[in-house]
């Protein structure tokens with residue numbers, strides 16, 4: 001199995017599982033990831049989603065060794081030979097949109113190298129927590145490719161267009177602390193503490209006001225590509241809707257009663 005899924009304490013952990021290839025992407029892996037994300041989006045029992053890789057890597061991106069022997073990019077990357085290659089790739093790339101638009105917070109737990117499309121998937125998540133030994137590179141220029149899985153968009157949003165172009169054109173390899181300084185990751189922890197730190201963050205989010213989190217994500221996504229007027233419309237709709245939730249009422253009562261609120265995601 002190129003993909004694994006685990007549920008615990010309202011947190012779903014999705015693991016890319018080709019450790020012998022540093023979790024290079026495969027069609028089976030992406031299909032499993034897509035199905036899992038669609039299930040999570042509509043499952044009220046899911047409060048947060050963690051994306052990580054098995055073994056010593058997060059995701060090396062495309063399987064370059066397999067590409068070298070293939071007749072087409074999509075055949076090498078996903079085992080899809082023939083047909084409309086652009087349509088095949090665009091369909092697989094929708095994974096990044098699902099991570100970005102999912103109504104639950106998404107966390108990339110970067111346990112090792114994140115390269116090429118693997119870096120794009122990490123950047124598509126809401127938050128990124130990295131092990132001290134993790135490394136990051138766009139990698140595309142090194143193999144004569146231009147980039148996919150939304151990395152150009154997410155990188156530009158995080159570091160600005162000029163820096164994003166530098167990172168794509170020159171393709172440097174960055175350590176976790178450099179990635180933190182650039183704003184590509186939110187937190188760096190020692191390797192031995194990565195699982196525990198990520199689980200604590202995911203549990204905190206999963207136990208929070210998950211309806212409001214989903215509305216926050218829609219506001220931020222509007223802010224990325226819409227006008228100020230679009231954002232104000234979005235904020236107004238979502239703020240009124242959030243004010244009608246049981247979670248808001250519980251939070252208001254707990255504030256008055258000076259206790260910790262218990263959110264239920266409704």
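The values are calculated or read from the model by the stated rules, or taken from the named source; none is laboratory data. Worth saying up front: this structure is predicted, and the values here are computed from it rather than measured. Ideal geometry is used to build each Cβ from the backbone, glycine not excepted, and the neighbour counts take in all protein chains shown.
Couple of notes before you dig in:
- Residue within segment 70-86 that is on the phi < 0 side of the Ramachandran plot, outside any loop (DSSP other than H, G, I, E, B) and under 12 Å from the mean Cα position of the chain (by Cα) present: no
- Residue ID - surrounded by the most Cβ atoms within 10 Å (Cβ to Cβ), chosen from residues in segment 176-205 that are over 16 Å from the mean Cα position of the chain (by Cα) and outside any helix (DSSP H, G or I): 188
- Here residue 125 meets each of (1) within 27 Å of residue 188 (Cβ to Cβ); (2) surrounded by 24 or more Cβ atoms within 10 Å (Cβ to Cβ) with one exception, condition (2).
- Which listed residue is more than 13 Å from the chain's Cα centre (by Cα) and crowded, with 18+ Cβ neighbours inside 10 Å, from 114, 54: 54
- Hey, residue 68 at pLDDT below 95, surrounded by fewer than 20 Cβ atoms within 10 Å (Cβ to Cβ), out of contact with any helix residue (DSSP H, G or I) (no Cβ under 6 Å at 6 or more places or on another chain) and closer than 25 Å to residue 217 by Cβ or not: no
- Failed condition for residue 29, given (1) farther than 17 Å from residue 85 by Cβ; (2) in a loop (DSSP other than H, G, I, E, B): (2)
- Filtering segment 104-121 to residues that are farther than 15 Å from residue 175 by Cα and assigned to a helix (DSSP H, G or I) leaves 117, 118, 120, 121.
- Yes/no for residue 118 being assigned by TED's automatic domain parsing to the domain that holds residue 38 and out of contact with any strand residue (DSSP E or B) (no Cβ under 8 Å at 6 or more places or on another chain): no
- Verdict on residue 139 being touching a residue at least 12 places away in the same chain (Cβ under 8 Å), crowded, with 23+ Cβ neighbours inside 10 Å and within 17 Å of the chain's Cα centre (by Cα): no
- Of the set (1) crowded, with 19+ Cβ neighbours inside 10 Å; (2) touching a strand residue (DSSP E or B) at 6+ places or on another chain (Cβ under 6 Å); (3) in contact (Cβ under 8 Å) with a residue 40 or more places away in the chain, all apply to residue 12 but (3).
- Among the residues of segment 122-149, those identified as closer than 14 Å to residue 62 by Cα and in a loop (DSSP other than H, G, I, E, B) are 138, 139, 144, 145, 146, 147, 148, 149.
- Where helices (runs of 4 or more DSSP H) sit wholly within segment 208-266, those with at least 3 residues that are within 25 Å of residue 9 (Cβ to Cβ) occupy 210-225, 246-257.
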